[in-house]
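To keep things clear, I will list the structure first and then write my remarks on it.
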Amino acid sequence: MKNRLNTSSVAVIGGGPAGLMAAEVLIQGGVRVDLYDAMPSVGRKFLMAGKGGMNITHSEPMEPFLPRYGARRAQIKPLLDAFGPEALREWVHDLGIATFVGTSGRVFPTDMKAAPLLRAWLHRLREAGVHFHMRHRWCGWSENDALRFSTPQGEHTANIDAVVLALGGGSWTRLGSDGAWVPLLSQRGIPVMPLQPANCGFNVSWSEYFSARFAGHPVKAVTVTFIDAAGRFHRRQGDLMVTATGIEGGLIYALSALLREEIAATGVAIIYLDLTPGKDLPRVITDIAHPRGSRSMSSHLQSRANIKGVKTGLLRELVPPSDFANPERLAASIKSLPLRLIAPRPLDEAISSAGGVAFEALDECLMVRTMPGVFCAGEMLDWEAPTGGYLLTACFASGRTAGLGALAYLK
């Protein structure tokens, strides 16, 4: 069969990590690459994610790494086998960006910033010949299967030999991930699982006083325990944040998929907070039972059990007043404080989204089985993972797989 690479044109739609990686693979393969994005510039969500420190990937071994992808572990594994955390880190180094491993095992650029990495990457892509088209919102296909785009200058169409769709999920609409592609693919019969919030906060029925007093306060060094519907025991230790409507933070994000599913199934998810994970229950009982004399209960809890601020507020909010006079009951609440989560926060507030194009509709190269030459990559696929570098790692890897798949298709 004749090799069409030298005369082929491939469109990449979406300028996040998955789309940019697909574009890099394709341009290195010798085809013309046109990258389209609805926003004025590429990588907007990537830059926003890096504002608190650009967590590229994680250094833990693959054995604990893969289970982070939950039900889609089997589908993500071959992507990471081909381009995993170590390969990603080497790729970053090749851009001239040094990295280091933090105490948590997370991998960061030395300067902790996303912008220098993105600038170096875009320079390399432009030098290699990738053509960038900003403010081009993809609107599907025309009657003759050309790509349709809405632009400030009117509608634009493009005839191409293959396309990589890397359109993101449904969170952070203001940065371009708005899920507007869902009906465009559904109309073509491509199965798309409903987009749902992932790595998200949850609503709690706070009192007005507690919400006004403690919204924005971090709850440091706590353990969260959750027992799912199957009776499985989940425990995480870390920090969380009280919000005006509920709770959020890394500790909650790590459990968000399980909590979301529990709420969908039963209407509520109950987690248990251990406010003093370094002390066992008998020790806390002994501390609290110590005579407090003329001191207030708040002062007593602070001096004897190091319970203060928002932790005291949580006890006042969730524990019956009568229990404060009973050291055993109060200590039991300190060690296992039940908190009812009633709903995940809206999708647009989530860090990422679950749902998307079903892997069953794609071949091993991420090509749509019913639409040869159409590939999907990144967060628009039906998978989710916690924060900690796992999201970005799979986005990069899927973009690379889709790009290589498009090259193989063109041959």
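Only the coordinates and a few stated rules stand behind these numbers; no lab work does. Keep in mind that this is a model prediction, so the values were computed, not measured. Neighbour counts run over all protein chains shown; Cβ positions are idealised from the backbone, glycine included.
Odds and ends about this structure:
- Of the peptides 114-127, 398-411, 377-390, the ranking by mean beta-carbon count within 10 Å, highest at the top, reads 377-390, 398-411, 114-127.
- Sequentially through the range 383-400, phi angles give Karplus couplings (6.51, -1.76, 1.60; θ = phi - 60°) of 7, 8, 7, x, 5, x, x, 5, 4, 5, 4, 6, 5, 4, 5, 5, x, 5 Hz, Gly and Pro residues having no value and appearing as x.
- Using the Cβ of Y209 as centre and a radius below 12 Å, the other residues enclosed give a net charge of 0, where K and R count +1 and D and E count -1.
- The range 202-344: Rg to Rh, with Rh as the Kirkwood radius over Cα pairs: 0.97
- Listed by chain and number, the lysines whose alpha-carbon sits under 30 Å from that of K411, ignoring those within fewer than 8 places in the same chain, are K2, K77.
- Hypothetical label at K411: residues of the range 10-32 whose amide nitrogen lies under 18 Å (7 Å Cα-Cβ projection): 10, 22-32
- Taking the helices alone, the chain has a mean residue ellipticity at 222 nm of -10000 deg cm²/dmol, built from -39,500 (n - 2.57) per DSSP H run of at least 4 residues and averaged over all its residues.
- Karplus-derived 3J(HN,Hα) values for the range 7-22, using 6.51 cos²θ - 1.76 cosθ + 1.60 with θ = phi - 60°, are 10, 8, 10, 10, 9, 10, 10, x, x, x, x, 5, x, 5, 5, 4 Hz; glycine and proline are entered as x.
- Here the gap between F100 and T7, fully extended at 0.36 nm per residue and compared with their Cα-Cα distance, gives a gain of 29.3 nm.
- Under 14 Å from the E349 label point (7 Å along Cα→beta-carbon), backbone N, the range 175-214: 197-206, 211-212
- The chain, relative contact order in percent, only Cα pairs under 8 angstrom and at least six apart counted: 25
- Translational diffusion coefficient of the chain (Stokes-Einstein, Kirkwood radius from Cα pairs, 20 °C, 1.002 mPa s): 92 µm²/s.
- FRET efficiency for the pair S294 and N326, taken as 1/(1 + (r/R0)^6) with r the Cβ-Cβ distance and R0 = 22 Å, rounds to 0.65.
- For peptides 275-283, 21-29, 291-299, 33-41, sequence by mean Cβ density within 10 Å, most packed first: 21-29, 33-41, 275-283, 291-299
- Our summary of shape: the Cα atoms of the range 109-171 have principal axis extents of 49, 31, 24 Å, ordered from largest down, in whole angstrom.
- The Cβ shell under 14 Å around E360 holds other residues with a net charge of -1, Lys and Arg each +1, Asp and Glu each -1.
- Set of lysines near K113 by C-alpha distance (under 19 Å), chain-local residues within fewer than 8 positions excluded: K45, K51
- Amide H to amide H, with H built 1.01 Å from N, G355 comes under 5 Å of Q196, W383, counting only residues 5 or more places away or on other chains.
- The string of couplings for the range 228-239 from the Karplus curve (6.51, -1.76, 1.60, θ = phi - 60°) is 7, 4, 8, x, 7, 9, 10, 9, 9, 10, x, 10 Hz, one whole number per residue in order, with x for Gly and Pro.
- Protection proxy ranking, highest mean first, for peptides 180-192, 352-364: 352-364, 180-192, where packing is the per-residue count of other beta-carbon atoms within 10 Å, averaged.
- Listed by chain and number, the aspartates and glutamates whose alpha-carbon sits under 16 Å from that of K335, ignoring those within fewer than 8 places in the same chain, are D239, D274, D280, D287, E317, D323.
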